[in-house]
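Just dropping this structure here.
The values are calculated or read from the model by the stated rules, or taken from the named source; none is laboratory data. Worth saying up front: this structure is predicted, and the values here are computed from it rather than measured. We place every Cβ from the backbone using ideal geometry, glycine too, and count neighbours over all the protein chains shown.
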Amino acid sequence: MTPEPADHEADQPPRRDTFTIGRSLLLTAGVAVGLGVFYPGEETGRLLEVDRLLGLYNALLIGLAIPAPLMIIGQRRRAGPPIGPGGIFALMTGLGSLLMLPPVLVQRLVGGSPQNVSLFCLFYTLPLVSVWYLAAVLIAGQVGRSLFAPSTPWTERYGFFLAALWTPMGVWWLIRFYWDAFQ
């Protein structure tokens, strides 16, 4: 009777999760898709209209979120470190952006106005979700010095970075909602 071969993958620690050239290419492609598809487009009015700038900012962040599912799936397939709260946020926003991509693309291909329901959902929902998410992880104590430790997986930092970038826009919308409600 021969002994069973040892499972070497189970004996090895998880691979370190770092920023790679492949990830930078995915992010670049994601930003190109985000700006090309989700930017509301040129509208008449002032050059520095606030809603236009917010649309550009949101399209940029959607582009940064689009490749997140590929990165998270790749990390799991390589037996990388477990996905934490930052990675879950990146995965959630990336999946949300990808799920809303077909309706926006179809609307643009048929020559309709880019101001459709899918675009508005992403324009309001993702920033507000980031406010709620960041408030929850701060209250739960998930954000600390360990986030900046070299051993922290890159996807964790990436997810928290996305949330931190989207939160000011979410706060802006909350202020506008309250302002409109109390006027």
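Using the structure shown, decide if Pro67 is modelled with pLDDT of 90 or more, closer than 22 Å to Ala32 by Cβ, in contact with a Lys or Arg (Cβ under 8 Å, 6 or more places away or on another chain) and surrounded by 15 or more Cβ atoms within 10 Å (Cβ to Cβ).
Answer is yes for this residue.
Within segment 32-41, identify whether any single residue is modelled with pLDDT under 85 and surrounded by fewer than 17 Cβ atoms within 10 Å (Cβ to Cβ), and answer yes or no.
Taking every residue of segment 32-41 in turn, at least one turns out to be modelled with pLDDT under 85 and surrounded by fewer than 17 Cβ atoms within 10 Å (Cβ to Cβ).
So which of Thr167, Thr152 ends up being among the β-branched types (Val, Ile, Thr) and at pLDDT 90 or above?
Answer to the selection: Thr167.
If you scan segment 148-160, which residues turn out to be farther than 25 Å from Phe120 by Cβ and in a helix (DSSP H, G or I)?
Phe148, Trp154, Thr155, Glu156, Arg157, Tyr158, Phe160
Filter segment 112-129 down to the residues that are surrounded by 12 or more Cβ atoms within 10 Å (Cβ to Cβ) and farther than 16 Å from Phe177 by Cα, then identify the one that is modelled with the lowest pLDDT.
Selected residue: Pro114.
Quick test for you: out of Gly63, Gly86, Gly96, Gly80, pick the one residue that is closer than 14 Å to Arg16 by Cα and either among the small types (Gly, Ala, Ser) or touching a strand residue (DSSP E or B) at 6+ places or on another chain (Cβ under 6 Å) (or both).
Gly80 is the lone residue from the list that is closer than 14 Å to Arg16 by Cα and either among the small types (Gly, Ala, Ser) or touching a strand residue (DSSP E or B) at 6+ places or on another chain (Cβ under 6 Å) (or both).
To continue, here is another question. Could you please find all residues in segment 6-28 being assigned to a loop (DSSP other than H, G, I, E, B), among the hydrophobic types (A, V, I, L, M, F, W, C) and at pLDDT 60 or above?
Hit for segment 6-28 is Phe19, nothing else.
Testing Ile83 on (1) among the hydrophobic types (A, V, I, L, M, F, W, C); (2) outside any helix (DSSP H, G or I); (3) free of Cβ contacts under 8 Å to residues at least 24 places away in the same chain, one condition comes back false. Which one is that?
The failed condition is (3).
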